[in-house]
Amino acid sequence: MTDAPPAAPLADEPVEFEVTGSDLVYEGRVWDVRSDTVAYGDGEIVRQYVDHPGASAIVAIDDDGRVLLIQQYRHPIRHRDWEIPAGLLDIAGESPLETAQRELAEEADLRASSWESLVSIFTTPGGNDEVVHLFLARGLSEVGAAHARAEEEADIRVEWVPLDDAVDGVLAGRLRNGILAVGVLAAAERLRRAGGGGGAP
């Protein structure tokens, strides 16, 4: 009796169906809405979605194993939700890592000496094409003068929270931001597998 070959790890599968029509439904300040007609099976389907530039997000952990969380108003959900620093990939030629470094400075006035890719996620695959790249940042220091902030960012609240407390908040349903949830859970597991705490390497 021979052993069966090992199954390949599960992975999302890229697929390219013919797009027979694509219309710009709405052109927004930050992102657009498109309506695509797609040849699918024996017929066609029509799907509207947000055409998103993508983003980077940062799980910043200090030498005491605390993660940086920020709170700001988000109008679609009518909440001041807790998040991790993040920003759009909206500068031509800027890599996801460079965006993460820029956003950490702009939203938290911090730089990091150690950067590690955590995960990349589709945030809402049924409604937009956004991909968010999450990074673990350690070896933190202040950048100097505070970055000027406006609109929702003008009253950002900043908290340093023990990573385990942030994980508990996600699992208890008190912290519901999806990018925060993925980020702190991925960081906690990455550090657990490395056998270390949140300090800089």
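The values are calculated or read from the model by the stated rules, or taken from the named source; none is laboratory data. Since the structure is predicted, the reported quantities are computational estimates derived from the model, not experimental observations. Positions of Cβ are generated from backbone atoms using ideal geometry, with glycine treated the same way; all protein chains shown enter the neighbour counts. Heads up: the accessible areas ignore ligands, DNA and RNA and are worked out on the full protein's heavy atoms, side chains in. Shrake-Rupley method; radii C 1.70, N 1.55, O 1.52, S 1.80 Å.
Output the residue which, of all residues in segment 16-34 that are under 23 Å from the mean Cα position of the chain (by Cα) and aliphatic (A, V, I, L, M), is most open to solvent (accessible area, probe 1.4 Å).
Here the answer is 30.
Does residue 120 count as in contact with a Lys or Arg (Cβ under 9 Å, 6 or more places away or on another chain) and among the hydroxyl-bearing types (Ser, Thr, Tyr)?
no
When residue 63 is evaluated against the numbered criteria (1) touching a Gly at 6+ places or on another chain (Cβ under 6 Å); (2) modelled with pLDDT under 95; (3) of a type outside the set (A, V, I, L, M), which criterion, by number, is the only one it fails?
So the condition that residue 63 fails would be (2).
Taking the condition of being open to solvent by 40 Å² or more (accessible area, probe 1.4 Å) and within 14 Å of the chain's Cα centre (by Cα), how many residues in segment 58-87 meet it?
The number of residues fulfilling the criteria is 1.
Since residue 10 meets every condition but one in (1) open to solvent by 60 Å² or more (accessible area, probe 1.4 Å); (2) under 22 Å from the mean Cα position of the chain (by Cα); (3) within 15 Å of residue 129 (Cα to Cα), which condition does it not meet?
That leaves (3) as the condition not met.
Could you please find all residues in segment 182-199 being touching a Leu at 6+ places or on another chain (Cβ under 7 Å) and part of a helix (DSSP H, G or I)?
Across segment 182-199, the qualifying residues are 182, 183, 184, 186, 187, 188, 190.
Residue check, residue 156 against (1) under 16 Å from residue 57 (Cβ atoms); (2) at pLDDT 95 or above, all met but one. Which one?
Exception for residue 156: condition (2).
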